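**Q** The structure that follows is given in the form of structure tokens.
Read the figures in this text as sums done on the coordinates, not as results from a lab. Note that the structure is predicted; figures quoted are calculated from it, not measured. Neighbour counts run over all protein chains shown; Cβ positions are idealised from the backbone, glycine included.
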There are 2 protein chains.
Amino acid sequence: MQIKDLGEFGVIDLLTRMVIDWRAGSGNSQSFSFNLTVDNGDDTAAWSPGPSGTGRVNELFTTDTMVEGVHFTRETTPWLDLGWKSLASNISDVASMGGLPTYALVTLGLPSETEVSDLESLYKGMLQISNDYGLAIVGGDMVRSPVVFITVALTGVMRGQPMVRTGARPGDLVAVTGHLGSSGGGLKLMLERTSEAGEAADFLRESHRRPRPAVAVGQSLVESGITTAMDVSDGMADDLSKLCRASGVSGKIFTDRLPVHPFLRDWFPEGCVDLALGGGEDYVLLFTGPPAKVNHVVASLSGGAAVVGEISVGTPGQITVVDALGNEVAASNRGWDHFGPAQD
Amino acid sequence: MQIKDLGEFGVIDLLTRMVIDWRAGSGNSQSFSFNLTVDNGDDTAAWSPGPSGTGRVNELFTTDTMVEGVHFTRETTPWLDLGWKSLASNISDVASMGGLPTYALVTLGLPSETEVSDLESLYKGMLQISNDYGLAIVGGDMVRSPVVFITVALTGVMRGQPMVRTGARPGDLVAVTGHLGSSGGGLKLMLERTSEAGEAADFLRESHRRPRPAVAVGQSLVESGITTAMDVSDGMADDLSKLCRASGVSGKIFTDRLPVHPFLRDWFPEGCVDLALGGGEDYVLLFTGPPAKVNHVVASLSGGAAVVGEISVGTPGQITVVDALGNEVAASNRGWDHFGPAQD
């Protein structure tokens with residue numbers, strides 16, 4: 001059997017089980033013992049440092065990769081933006097726990113023919129977002145490779161308990177911390193009409209090229225007592241499905257509640273709902289909790305935060321989309337499975 | 001200009017300068033500030049955790065990548081060994097500072113046609129060495145890629161100051177903590193005579209397939225007051241050159257002092273010195289210090305530890321090889337430059 005037959009979830013389940021089953025002991029004996037607070041199965045791992053592991057500080061550790069031809073093309077993502085985005089996806093994983101990003105290592109796989117000036121642009125993009133978010137690039141690795149790939153490993157730190165994917169319960173509300181679909185709209189615009197100018201087009205392209213992870217918002221969610229969250233990186237329907245799967249519940253999304261930026265609606269009056277459901281790379285946070293708490297938190301947030309759905313009993317991971325007329329349809333897999341058969 | 005014209009050192013120098021020059025401020029303001037004890041330019045970064053950063057504990061952070069066709073082929077490295085080795089190189093980077101490995105994230109770039117059973121073998125290899133060295137795999141990322149690549153990011157912890165590459169001084173002795181060339185001999189054996197059996201052949205192949213990073217030895221070096229070290233991953237001459245370059249000094253290696261295992265000498269009586277100088281992937285540690293201290297430390301170590309050279313004033317990074325008759329030759333680049341023109 002090949003991994004494309006097993007699919008992404010199947011492969012991840014298999015490897016996660018192996019890692020947990022095979023793990024021996026509790027660390028390096030006297031010198032060091034594991035104090036994991038978030039283990040395999042989330043986007044970010046977390047542990048309590050120190051001998052006791054009882055402190056309220058958690059250290060975070062995450063990694064994310066972009067491969068040419070799979071996650072980006074040089075036509076729609078210039079090197080400068082590639083640098084920004086390769087760190088943004090990792091910062092967003094730390095933000096989704098409620099943490100601050102701290103130190104990053106950058107691994108570059110590059111063909112020997114790569115232009116030095118392109119490499120400089122890539123690093124400029126990484127350093128711009130590093131400075132904006134107060135993290136330091138402390139090293140990395142560089143290897144020859146027939147295709148460009150960029151892997152970033154990022155540590156983070158936080159006070160309190162990291163938010164995780166496993167806490168959604170039937171009756172909870174589902175909310176997002178900002179507008180959905182703008183990044184997907186920007187990509188669509190670049191693919192369809194490369195030269196359009198104006199405030200709305202610039203906003204959409206900027207949303208795709210320079211996403212801003214929700215670090216401050218993540219911290220405020222933790223302070224407000226939210227315990228279940230993740231970031232919207234693959235698309236709202238797909239990411240909510242992952243969260244529901246991890247929590248053993250089903251979810252509903254009401255399309256007329258999806259926060260769509262006016263600029264996105266102007267450009268794509270027909271397609272904006274699909275972009276909000278499946279566009280990906282919005283890097284807002286998605287969170288769940290008891291209705292009173294979620295409503296209260298959403299009211300305190302600005303920039304498009306909205307209650308968009310609810311959690312229910314049902315097949316784990318199954319998402320139902322409810323349109324403005326009340327029609328219910330099962331969400332197709334609008335995100336993408338890295339290894340499974342292609343879907344539209 | 002393309003990166004192959006600039007070469008590995010040129011590219012690394014350029015990026016390191018950019019990272020340091022462009023770094024703004026000192027971290028996330030009130031919440032977090034950088035306390036780096038080892039910054040860009042070494043194999044592993046290190047920092048003192050906590051608000052003061054004055055503790056004697058250092059946290060370590062390193063990453064290393066293997067790319068199919070560049071660092072390994074499936075003919076000489078089965079999946080099980082690939083798993084072991086992909087973690088071994090990272091553990092060795094932590095060992096070279098004097099640290100203990102703690103948590104790992106694994107990024108896999110894989111073609112969709114990868115067999116699930118091969119993936120299981122890969123993880124078995126990683127879990128075997130993880131358990132042997134008391135570290136935990138806590139997550140990772142998996143992406144579709146036309147070539148197999150494996151990137152591991154690893155954290156570590158240590159008491160005391162990490163050993164670095166920058167402290168070699170003229171008059172220091174150069175020592176290694178174990179036999180050199182066995183891994184290269186094992187590879188040569190596999191490439192030339194795949195079916196040879198017997199204790200010596202098994203030992204050499206095992207040295208190549210299952211290298212054992214020097215974690216305990218690294219800790220004892222720190223306890224003995226050694227402050228300058230790195231691991232031998234690219235080959236003794238090449239790695240000493242890197243250490244000398246970082247320290248602004250030259251070095252000499254005496255070929256008749258290189259610790260060569262009897263099994264390697266038996267198999268390759270002619271080639272064993274070249275293998276010891278340039279074979280790579282031995283994962284012993286290379287360290288320098290004042291003669292009395294280095295002699296004392298070497299006497300306390302078993303398993304092939306030996307004084308093999310000395311540090312002198314001269315062109316930074318220039319290595320002279322002195323043979324048994326006293327003839328001196330400049331060491332050619334026996335390691336390899338990832339992006340520069342091919343050398344023999």
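**Q** Please find the FRET efficiency linking B:D5 to A:E120, where r is the Cβ-Cβ separation and R0 is fixed at 22 Å, and quote it to the nearest 0.05. Before the final figure, lay out the partial values.
**A** Numbers: r = 14 Å, r/R0 = 0.65.
So, using R0 = 22 Å, E works out to roughly 0.95.
**Q** Using Cα springs under 10 Å in a Gaussian network model of chain A, which residue among A:L14, A:L60, A:L173 shows the largest mean-square fluctuation?
**A** Greatest mean-square fluctuation among the candidates belongs to A:L14.
**Q** Follow-up. Can you give me the P(r) profile for chain A? Cα pairs, bins 20 angstrom wide beginning at 0, each as a whole percent.
**A** Binned Cα distances yield the sequence 29, 60, 10, 0.
**Q** Taking a temperature of 20 °C and a viscosity of 1.002 mPa s, what whole-number D in µm²/s does Stokes-Einstein yield for the stretch A:43-159 with Rh from Kirkwood over alpha carbon pairs?
**A** Working: Rh = 14.8 Å.
My calculation gives 145 µm²/s for D.
**Q** In addition: Of the DSSP beta bridges with both residues in the stretch B:55-159, give the percent that are antiparallel, rounding to the nearest 5.
**A** Details: 19 of 28 bridges.
In the stretch B:55-159, DSSP labels about 70 percent of beta bridges as antiparallel.
**Q** Just checking the output field for A:58-64: average partner chain Cβ neighbours within 10 Å of each residue's Cβ?
**A** For peptide A:58-64, the averaged partner shielding equals 5.
**Q** So what are the protein assembly as shown's ellipsoid semi-axes, whole angstrom, largest first, if each one is the square root of 5 times an eigenvalue of the alpha-carbon gyration tensor? Each step should come with its number before you reach the end.
**A** Numbers: eigenvalues 441, 121, 119 Å².
Result for the protein assembly as shown: semi-axes of 47, 25, 24 Å.
**Q** While we're looking at this one, here's another question. Using label points projected 7 Å from each Cα along Cα→Cβ, tell me how many nm separate A:I20 and B:T166, to one decimal.
**A** 4.4 nm
**Q** Still on this structure, I have one more. If one computes the Cα centroid of the stretch B:145-214 and of the stretch B:220-244, what distance in Å separates the two points?
**A** After rounding, the separation between the Cα centres reads 13 Å.
**Q** Do any GluC sites (Glu not before Pro) in the stretch B:41-107 lie in a loop, going by DSSP, with at most 10 other beta-carbon atoms within 10 Å of their beta carbon, and if so which? Don't jump to the answer; show the numbers that get you there.
**A** Details: sites: B:E59, B:E68, B:E75; in loops: B:E75.
Those satisfying the criteria are B:E75.
**Q** Ordered by packing density, taken as the mean number of other Cβ atoms within 10 Å over each peptide's residues, highest first, how do A:149-161, B:297-309 rank? Walk me through the numbers on the way to the answer.
**A** On the way: A:149-161: 24.2, B:297-309: 17.4.
Top of the packing list down: A:149-161, B:297-309.
**Q** Less than 15 Å Cβ to Cβ from B:S48, Lys/Arg counted +1 and Asp/Glu -1: what total charge do the surrounding residues give? Before the final figure, lay out each step's value.
**A** Values: positive: B:R56, B:R159; negative: A:E59, B:D39, B:E59.
Result for the local shell: -1.
**Q** What is the average number of partner chain Cβ atoms found within 10 Å of a Cβ in A:102-115?
**A** Working: counts 10, 9, 4, 10, 3, 8, 4, 8, 6, 4, 8, 5, 5, 4.
For peptide A:102-115, the averaged partner shielding equals 6.
**Q** So what's the gap between the Cα centers of the stretch B:99-125 and the stretch B:280-305, to the nearest angstrom?
**A** 33 Å
**Q** Non-local amide H neighbours of B:T114 (under 5 Å, H modeled in plane, Pro and chain starts lacking H): which ones?
**A** A:I3, A:K4
**Q** Using a Gaussian network model of chain B with C-alpha springs under 10 Å, which one of B:S250, B:S130, B:S224 is most mobile by mean-square fluctuation?
**A** Its mean-square fluctuation being the largest, the pick is B:S224.
**Q** I would also like to ask the following. Provide the packing ranking of A:239-249, A:320-330, i.e. peptides ordered by the mean count of other C-beta atoms within 10 Å per residue, highest first. Each step should come with its number before you reach the end.
**A** On the way: A:239-249: 22.0, A:320-330: 12.0.
Descending mean neighbour count gives A:239-249, A:320-330.
**Q** Would you please state which residues of the stretch A:246-265 a label at A:R193 would reach in this model, taking the label point 7 Å out along Cα→Cβ and a backbone N cut-off of under 16 Å?
**A** The answer is A:262-265.
**Q** Where a Cα-Cα gap under 24 Å defines reach, which lysines qualify for A:K85, not counting those fewer than 8 residues away within the same chain?
**A** Within the straight-line cut-off, A:K85 pairs with A:K124, A:K188, A:K242.
**Q** Which whole number gives the average, over all residues in B:149-159, of C-beta atoms from other chains lying within 10 Å of the residue C-beta? Spell out each step's value before the answer.
**A** Numbers: counts 9, 0, 11, 5, 13, 3, 7, 2, 4, 2, 1.
Counting Cβ atoms of other protein chains within 10 Å of each residue's Cβ and averaging gives 5.
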